[in-house]
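The structure appears right after this line, and notes come after that.
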Amino acid sequence: MTLSVTNLCIRHDGIPLFQPVSFTVAPGEIVTLMGPSGCGKSTLLNAVAGHLAPEFSVSGNVFLHEESVMALKPNERRIGLLFQDDLLFPHLNILENLMFGLPGDYQGKERAKRAMQTLTAIELQSLAHQMPVQISGGQRARVSLMRMLLSEPAAVLLDEPFNKLDKSLRTEFRHFVFEQIRKRQIPAIMVTHDSDDVPEKGAVLQWPWVSEGADKC
């Protein structure tokens, strides 16, 4: 499964945020977008996911395995999102949070079984009945990632996912995230301000991301 962004241009109240940008992400590859605050990095991710606010408009196209997703609703695009905040539900325990991420074709006891298998795989099974407030920031980050992956996304968007972790946790969690994406062969786009976050030998698009030969918005 490849993810392709083709001549994507986003306008805010009619004013372009950047010139049309094009790139392709291979299965298991992580392409990093870097640039100053306010240049449109997170907005680009929202356009790919289908979450743009009404004051934004978008032209160009986004393809998953050569099929356009632009006409699809966000929940139909099969694109997972991971933010700097873990966004776990505080009223659900860890097992229930993971069960929430599962597609609807998992029913009854199978949902709990699949969620527990996931916790066991990352050696956090002892936390199954703990609440999010009772576990560490690094553990919450891992659970948040696995909940997103349990939804079986065809592509992943990472919006500053390591930004709120301290240095030691950041390095460890970064490795964990990249390992999970590569193991599942999911294409991923990551936004970050920190060059240390870029995967070794990973593709980086530095602002202003101008694509050669691209037309203006």
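Values quoted throughout were computed directly from the atomic coordinates according to the rules given, and no laboratory measurement underlies them. Quantities reported herein were computed from a predicted structural model and do not represent experimental measurements. Counting neighbours? That spans all protein chains shown, and the Cβs are built from the backbone with ideal geometry, glycine included.
Reducing the stretch 128-144 and the stretch 19-49 to their Cα centroids gives an inter-centroid distance of 29 Å. Once the C-beta distance of residue 151 and residue 217 is scaled by a Förster radius of 30 Å, the resulting FRET efficiency is 0.40 to the nearest 0.05.
Which GluC sites (Glu not before Pro) in the stretch 124-217 sit in a loop by DSSP (not H, G, I, E or B) and have at most 10 other Cβ atoms within 10 Å of their own Cβ?
Values: sites: 172, 179, 200, 212; in loops: 200, 212.
When the GluC sites (Glu not before Pro) of the stretch 124-217 are filtered for loop state and at most 10 Cβ neighbours within 10 Å, 200, 212 remain.
Taking 25 Å as the straight-line reach from the Cα of residue 216, the lysines in range (excluding those fewer than 8 positions away in the same chain) are 41. For the stretch 85-152, averaging the sequence separation of C-alpha pairs within contact (under 8 Å, six or more residues apart) and dividing by the residue count gives a relative contact order of 51 percent. All C-alpha pair distances within the chain, sorted into 5 Å bins from zero, spread as 1, 7, 15, 18, 19, 16, 12, 7, 4, 1, 0 percent across the bins. Relative to the globular-protein estimate of 2.2 N^0.38 Å, the Cα radius of gyration of the stretch 175-217 stands at 1.46.
With a simple spin-label model that places each label point 7 Å from the Cα along the Cα-to-Cβ direction, the separation between residue 22 and residue 6 comes to 0.9 nm.
Here the simple spin-label model places points 7 Å from the Cα toward Cβ, and for residue 75 and residue 112 these points are separated by 2.5 nm. Both the radius of gyration and Dmax for the stretch 85-152 are 10.7, 31 Å, in that order, over alpha-carbon atoms.
Pairs of Cα atoms nearer than 8 Å and 6+ residues apart set the relative contact order; for the chain it is 35 percent.
With both labels modelled 7 Å from their Cα along Cα-to-Cβ, the residue 15 to residue 179 distance reads 4.6 nm. Loop-located GluC sites (Glu not before Pro) in the stretch 25-73 (DSSP state not H, G, I, E or B) with no more than 13 neighbouring Cβ atoms inside 10 Å: 55, 66.
Within the stretch 97-170, the trypsin sites (Lys or Arg not before Pro) that combine a DSSP coil assignment with at most 14 other C-beta atoms in a 10 angstrom radius are 164. Here the Kirkwood formula puts the hydrodynamic radius of the stretch 46-136 at 15.7 Å, using every distinct Cα pair. Computed over every Cα-Cα pair of the stretch 142-217 and binned at 5 Å starting from 0, the pair-distance distribution P(r) comes out as 3, 12, 25, 23, 16, 10, 6, 4, 1 percent.
Within the stretch 85-112, what residues put their amide N at less than 12 Å from the label point 7 Å along the Cα-to-Cβ vector of residue 133? Taking a point 7 Å out along Cα→Cβ of residue 133, the residues of the stretch 85-112 whose backbone N falls under 12 Å are 90-92.
Return the FRET efficiency for the residue pair residue 61, residue 89: r is the Cβ-Cβ distance, R0 is 41 Å, and the value is rounded to the nearest 0.05. List each step's numbers first, then the result.
Values: r = 34 Å, r/R0 = 0.83.
Taking R0 as 41 Å, the efficiency between residue 61 and residue 89 is 0.75.
Expressed to the nearest 5 percent, the antiparallel share of DSSP beta bridges inside the chain is 50 percent.
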